[in-house]
1. Return a whole-number percent for the relative contact order of chain B, with Cα pairs under 8 Å and 6 or more residues apart as the contact set.
2. For the cross-link pairs A:Lys56/B:Lys9; A:Lys67/B:Lys70; A:Lys56/B:Lys57; A:Lys42/B:Lys83, which exceed 31 Å when the distance is taken from alpha carbon to alpha carbon?
3. When the accessible area of chain A is split by element with a 1.4 Å probe, what percent falls to carbon and sulfur?
4. Considering only protein heavy atoms, what per residue accessible area in square angstrom results for region B:1-82 with a 1.4 angstrom probe?
5. At 20 °C and 1.002 mPa s, grab the translational diffusion coefficient of chain B from Stokes-Einstein with a Kirkwood Rh over Cα pairs, rounded to a whole number in µm² per second.
6. Quick one: check the C-alpha center-to-center distance for region A:1-43 versus region B:26-75, whole angstrom.
7. Relative to the present Cα-Cα distance, how much length would full extension add between B:Arg110 and B:Ser67 at 0.36 nm per residue of separation?
8. Over the alpha carbons of the protein assembly as shown, what is the largest minus smallest coordinate on each principal axis, giving the biggest first in Å?
Amino acid sequence: QKEVEQNSGPLSVPEGAIASLNCTYSDRGSQSFFWYRQYSGKSPELIMSIYSNGDKEDGRFTAQLNKASQYVSLLIRDSQPSDSATYLCAVRRSADALNFGKGTSLLVTP
Amino acid sequence: DGGITQSPKYLFRKEGQNVTLSCEQNLNHDAMYWYRQDPGQGLRLIYYSQIVNDFQKGDIAEGYSVSREKKESFPLTVTSAQKNPTAFYLCASSLGTSGGNEQFFGPGTRLTVL
């Protein structure tokens, strides 16, 4: 079973700070990576997808991918209390399905 | 208004009963998926389908069954053979093999066994 590892947290950051969420994966052949946000009791919401090494920015969110180190991260700039949620890292496996990490809980304090 | 719908939102089942969870999408996506989420756990794949009338087992298919008779519908049946069915069930869809596999989720069904 291919693994996707995340620190469960909680990660606590003050409002306005940068939150850094990290994920490692075991399948060196993985090509597609995704970050989802999940509020308590709700379903996951896709935030970012990244396929190439380097950075990809979308508003306050930046995804970073390093395939050599098998590492993907999500940076959230100017963190807001509304960003408090669990963030799930997902890696594409064979035949379209995804492997998910257990998620990192983020708490943004006012 | 495009999206994925799941029903019911909450479902209670007595031991020994089969129940069917509905998932419908109007995104014209080829691929559909069922995941299960337990508290503090990641999502685990139950079944997936890349095309009508075809589906594959995921990592935890035992005690579950599915059908894919229409492109927009992918119902999941939780049978009495599933030993611990209480969980949050999530349906997702994606364009399929040609689309990069960005998956979008429905609102989920929370199943409780009494």
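1. 35
2. A:Lys56/B:Lys9; A:Lys67/B:Lys70; A:Lys56/B:Lys57
3. So the carbon and sulfur contribution to the accessible surface is 47 percent.
4. I get 52 Å² per residue for region B:1-82.
5. 153
6. Answer, in whole Å: 23.
7. That works out to 13.5 nm of additional length.
8. Per principal axis, max minus min of the Cα coordinates gives 50, 37, 37 Å.
The values are calculated or read from the model by the stated rules, or taken from the named source; none is laboratory data. In this text the structure is predicted, and so the values were computed from the model without any measurement. Cβ atoms come from the backbone with ideal geometry, glycine included; neighbour counts cover every protein chain shown. What goes into the accessible areas is simple: the full protein's heavy atoms, side chains included, and nothing from ligands, DNA or RNA. Shrake-Rupley method; radii C 1.70, N 1.55, O 1.52, S 1.80 Å.
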